[in-house]
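Contents: one structure, followed by commentary.
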Amino acid sequence: MKSSVGSRIVERLKGFTEALESNHVISERFTCHKVHLDLKPTRYSPELVKRTRKLLGVSQALFARFLGTSPQTIRAWEQGINVPNDMACRFMDEIRQEPAYWLARLRKLVVSKTTEKTSGGTGALRKSAAR
């Protein structure tokens, strides 16, 4: 009778555990792969930061919320006062690589709140923000 996938996984994990505990060279008993990623971030000029933000069609404030930073930081990047750190550059690299994906993700995060005009005549309040 053929063993289930779950039991084969458990059996192989036991073999791996035994190899680790007995100090065997893992690569001699198991197939090992090394994965190398080219993740060197692009250097972002003020203009490139702005063009990246414009790909999403958002304000500096919303772009800041999306990147997890402040609007002042985005302004400083776009004015050349400061440069984005490597993590922000990698995130912007991903945005530039797949702008449609990130625009869709951003749209899913939008929360709209509308207060209609009341009899008191206070008018309508509209507010949109990213979480």
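Computed values, structure above
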read-out	value
Calculated log₁₀ intensity ratio I(q)/I(0) where the Debye formula runs over C-alpha points of region 46-111, q = 0.17, 0.20 Å⁻¹	-0.52, -0.73
Relative exposure of 77, 102, judged by other C-beta atoms within 10 Å (fewest first)	102, 77
Distance in nm between pseudo-label sites at residue 37 and residue 7 (7 Å out along the Cβ direction from Cα)	3.8 nm
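FYI, it's all coordinate maths here, none of it is from the lab. It should be emphasised that the depicted structure is a prediction, and the values quoted were computed from it without experimental measurement. Methodologically, a virtual Cβ is constructed for each residue, glycine included, from the backbone with ideal geometry; neighbour enumeration extends over all protein chains shown.
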